[in-house]
1. Helix 133-150 versus the longest principal axis of the chain: what is the Cα-based angle in degrees, 0 to 90, to the nearest 10?
2. With every protein chain left in place, what is the accessible area per residue of the stretch 250-348 in square angstrom, probe 1.4 Å?
3. Once you've got the Cα coordinates, tell me which of Lys157/Lys242; Lys281/Lys331; Lys185/Lys260; Lys126/Lys191 are over 26 Å apart.
4. Given a 1.4 Å probe and every protein chain left where it sits, what share in percent of the accessible area of the chain is carbon and sulfur?
5. Under Stokes-Einstein, with the Kirkwood radius over Cα pairs standing in for Rh, what whole-number D in µm²/s applies to the chain at 25 °C and 0.890 mPa s?
6. Just want the answer: with Cβ charges of +1 for Lys and Arg and -1 for Asp and Glu, which residue in Leu25, Tyr44, Gly340 is farthest toward the dipole's positive end in the chain?
7. Output the 0 to 90 degree angle, nearest 10, between the alpha-carbon long axis of helix 218-231 and the longest principal axis computed from the alpha carbons of the chain.
8. Sort largest first and round to whole Å: the equivalent ellipsoid semi-axes of the stretch 259-399, each the square root of five times a Cα gyration tensor eigenvalue.
Amino acid sequence: MNIQIPESNLKRVVIIGAGFGGLALARELASKNFQIVLIDKNNYHQFQPLFYQVATSGLEPSAISFPLRKAFQSYSNVHIRITEVKEIYAQSSEIVTSLGTLKYDYLVLAMGADTNYYGNRSVMQKAMPMKSVGEALAIRNTLLQNLEDALSVEDQKERQRLLNIVVVGGGPTGVEVSGTLAEMKRTVLPKDFPDLDFSGMNIFLIEAGKKVLGPMSSIASEKATEYLKKLGVIVHTGIGVKDFDGETIYLSDGSTIESKNLIWAAGVRANSILGIPETSKHKNGRIIVDRYNRVQSFENIFAIGDQAFMEEEKFPNGHPQVVQPAVQQAKLLAKNLVNGQKGKAWKPFSYNDLGSMATVGRNLAVVDLPYVKFQGFLAWLFWMFVHLMSIVGVKNRLLIFINWFWNYLTYDQSLRLIMKPKEKEVEFKAES
């Protein structure tokens, strides 16, 4: 069975994944002479840098999600299909999906990355990842439900397990979620749960490397650590997680932490797909591409963003798996595909590092730009502005601004809802 896409004389570009890279590429090509087929498992784009705010009740999922069909309403040459891609048949230039097969002239892999558990099966089974809106919402449900359960627990040790929260991974996500949770502990939760003693609640940040925010400057790392400790976060560096049984976290230095709340923000691994040989993959699962984002051994298959492993002189280990490389690669690939149509030469990719940033809490952030580094209140305002402008959709920007402004005035997000799917009750009656 074939996926039903209208016949066209235009070259067909099939894009798998509607993350930052895939969406940027589709937008760049939407007004060009191509037929675009954008495929994703979800019918919306997710703004990943703010997942932690959904997880900590700062934003609703809808505020950081944007419907794909709305983004391309004005383009008759863009076709969206919500399905899962199972395999690539490179010899016949086809992909196999849950809906059927689909031919392509150019195929672009932009499926992004998922959580990397580094082979730790127990952590994979019991920890809480945060790589999608659904996973962020699951964290919110779990944390709030555990607080509700703590009200009725008589055993002090069990109450401690329900209250303690351990965040693994000292990158921007881990730092941001730890800082936000510490602020909630101080300003919000005591009002919601006056019967609980939050002096016994601990927020831990565990980082296996020597410092938090490892890729950023030393001053950014030092300031972030200072801000976290000021907020009451217990920071451990140079220590990894060996095991987690759902109640106790076992650390590499032999110590343990009693907690039922383990948020895993320790790493990412590129999503894989059948049809790309192992010889075309780097050791971390990323697909080896040339400077034109063309997959090794293929002429018409490309990979961008988290999927792509591209060596540059300044980046011998590949580009960082963050937003900017994905967007920059998408925009250049769009230009190169257009150049190919016109018989013009393609331009090789060169990453322009625009800097990095992380927010730690209210009025506290760190920013590393190519020529200047700053921290504190100004960095916090800069972080908010950049993220607000990066959100897809004017309505979403307005909703997020209102939520942020209200939270800043009141210290209260008012979004602490436990959203559970309804469980179906099936009655089996004996036939008479």
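1. Between the helix axis and the principal axis of the chain, the angle is about 10 degrees.
2. Heavy-atom accessible area per residue stands at 48 Å².
3. On the way: Lys157/Lys242 22 Å; Lys281/Lys331 23 Å; Lys185/Lys260 17 Å; Lys126/Lys191 30 Å.
Listed pairs above 26 Å: Lys126/Lys191.
4. Accessible surface attributable to carbon and sulfur in the chain totals 51 percent.
5. 105 µm²/s
6. Farthest along the dipole direction, towards plus: Gly340.
7. The helix 218-231 is inclined about 40 degrees to the chain.
8. On the way: eigenvalues 202, 86, 48 Å².
Ellipsoid semi-axes (Å, largest first): 32, 21, 15.
The values are calculated or read from the model by the stated rules, or taken from the named source; none is laboratory data. No experiment lies behind these values; they were computed from the predicted model shown. FYI the Cβ positions are ideal-geometry reconstructions off the backbone, even for glycines, and counts take in every protein chain you see. Side chains included, ligands, DNA and RNA excluded: accessible areas come from the protein's heavy atoms. Shrake-Rupley method; radii C 1.70, N 1.55, O 1.52, S 1.80 Å.
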